[in-house]
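Since the structure comes first, as structure tokens, the remarks are kept for the end.
The values are calculated or read from the model by the stated rules, or taken from the named source; none is laboratory data. Please read all numbers here as calculations on a predicted model, not as lab measurements. Cβ: placed from backbone, ideal geometry, glycine included. Neighbour counts: every protein chain shown.
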Ligand SMILES: NC(=O)c1ccc[n+]([C@@H]2O[C@H](COP(=O)([O-])OP(=O)(O)OC[C@H]3O[C@@H](n4cnc5c(N)ncnc54)[C@H](O)[C@@H]3O)[C@@H](O)[C@H]2O)c1
């Protein structure tokens, strides 16, 4: 009987692990809520593969410990592989899978909701209401349909976001290094980021954090944008130079920002700082601005997406155990 051992299964994932288990009575499944460490890698001893998800690094010692526990088939429940010592994994003969697409709608829906909220100045209105101040002015909204949305990156998430923006009746300009046929047919592409910055009222980032994209939103790019621009990042924190964004907000050039990611988020997001205080002054500053909506990398965090991450990871792992090609292998 094949056996899979899974690490760091959260309470919200456990029902989906149980669902997968029920659908695969011929596979033994065991799991823990603990993150994978060199010390607990031996929990996987006797299993044919492991399923994991964590943001902390999988260093060489962790991978060596997994290897010593007899594991070589490793399935991630997420997309990111930047926290893995890939050289060590390759050297020790691991085969690895990830889940590159689990629910683009989860992220795109979050983005459109936040875009509409920032344009309506909802945070300011909520604050006024909480204080019993029910005057209308000066908290007047901007309609989504009146905006030109600049969508940077027309991959899985960017394209779903585009469909949602279309439903509001807004104008769209898009930029991507590689053109998608559907988007091309609609005539949305502009030839350069500069053209997009010059036209867009709302700029939304949907590109990965490749070296060339790091701090793509900086003082220079913000200077090229329209006054009262809205900047949205539901992708990766390091796409934005946070200091430059703060300067743009301070000067009034930037109307507002939507941030589901932050460049120094690791170790801060998905933890409870209530009573202790947020341990990062820039993040604390952003959170307390009435024209910035910060969420702790939760755009993906829906029941649909979490289920997909679990199901696809276990499916991949079983395919590898059966000696078959997994659905989404990671090339090492
Ligand atoms: N906030 C969240 O919870 C969350 C969840 C999942 C993914 N993400 C992030 O969303 C982003 C997009 O994910 P996706 O699944 O749509 O990826 P994808 O690979 O489907 O699309 C990315 C697109 O960006 C384009 N691109 C890359 N570099 C570019 C550049 N410099 N200029 C223009 N275009 C460029 C690519 O050609 C591609 O079309 C990623 O950064 C991912 O990490 C965030």
Considering only region 87-96, I want to know if a residue exists there that is within 16 Å of the ligand (Cβ to nearest atom), closer than 16 Å to residue 7 by Cα and in contact with a helix residue (DSSP H, G or I) (Cβ under 9 Å, 6 or more places away or on another chain). no
Failed condition for residue 66, given (1) more than 18 Å from residue 313 (Cα to Cα); (2) assigned to a helix (DSSP H, G or I); (3) assigned by TED's automatic domain parsing to the domain that holds residue 34; (4) in contact with a helix residue (DSSP H, G or I) (Cβ under 9 Å, 6 or more places away or on another chain): (1)
Give the residue, chosen from 115, 108, that is outside any loop (DSSP other than H, G, I, E, B) and in contact with a strand residue (DSSP E or B) (Cβ under 8 Å, 6 or more places away or on another chain). 115
Subset of region 142-159 that is outside any strand (DSSP E or B) and within 16 Å of the ligand (Cβ to nearest atom) - its residue that is nearest to residue 216 (Cα to Cα): 153
Test: residue in region 309-322 that is touching a residue at least 40 places away in the same chain (Cβ under 8 Å), assigned to a loop (DSSP other than H, G, I, E, B) and out of contact with any helix residue (DSSP H, G or I) (no Cβ under 6 Å at 6 or more places or on another chain): yes
Taking the condition away from the ligand (no atom under 16 Å from the Cβ) and either surrounded by 17 or more Cβ atoms within 10 Å (Cβ to Cβ) or not assigned by TED's automatic domain parsing to the domain that holds residue 217 (or both), does residue 111 pass? no
Scanning region 39-57 for residues that are touching a helix residue (DSSP H, G or I) at 6+ places or on another chain (Cβ under 8 Å) and surrounded by 16 or more Cβ atoms within 10 Å (Cβ to Cβ) gives 41, 44, 48, 49, 50, 51, 53
Residues (free of Cβ contacts under 8 Å to residues at least 12 places away in the same chain and assigned to a helix (DSSP H, G or I)) located in region 194-222: 211, 212, 220
Members of region 75-102 found to be surrounded by fewer than 22 Cβ atoms within 10 Å (Cβ to Cβ) and within 12 Å of the chain's Cα centre (by Cα), listed by number: 78, 79, 80, 100, 101
Region 20-38, residues that are in contact (Cβ under 8 Å) with a residue 12 or more places away in the chain, over 16 Å from residue 321 (Cβ atoms) and loosely packed, with under 15 Cβ neighbours inside 10 Å: 32, 33, 34
Return yes when residue 240 is closer than 17 Å to residue 196 by Cα and within 16 Å of the ligand (Cβ to nearest atom) and no when it is not. yes
Taking region 160-180 and keeping only residues that are in contact with a strand residue (DSSP E or B) (Cβ under 8 Å, 6 or more places away or on another chain), in a helix (DSSP H, G or I) and within 16 Å of the ligand (Cβ to nearest atom), one is left with 161, 162, 165
So for region 212-226 (the condition being surrounded by 17 or more Cβ atoms within 10 Å (Cβ to Cβ) and modelled with pLDDT under 95), does at least one residue qualify? no
Could you list, in sequence order, the residues of region 252-280 that are away from the ligand (no atom under 16 Å from the Cβ), under 29 Å from residue 141 (Cα atoms) and either assigned by TED's automatic domain parsing to the domain that holds residue 56 or part of a loop (DSSP other than H, G, I, E, B) (or both)? 252, 253
Scan region 223-237 for residues that are over 12 Å from residue 152 (Cβ atoms), within 16 Å of the ligand (Cβ to nearest atom) and part of a strand (DSSP E or B) and jot them down. none
Condition set under 30 Å from residue 186 (Cβ atoms) and without any contact (Cβ under 8 Å) to a residue 60 or more places away in the chain, scope region 117-141, selection farthest from the ligand (Cβ to nearest atom): answer is 141
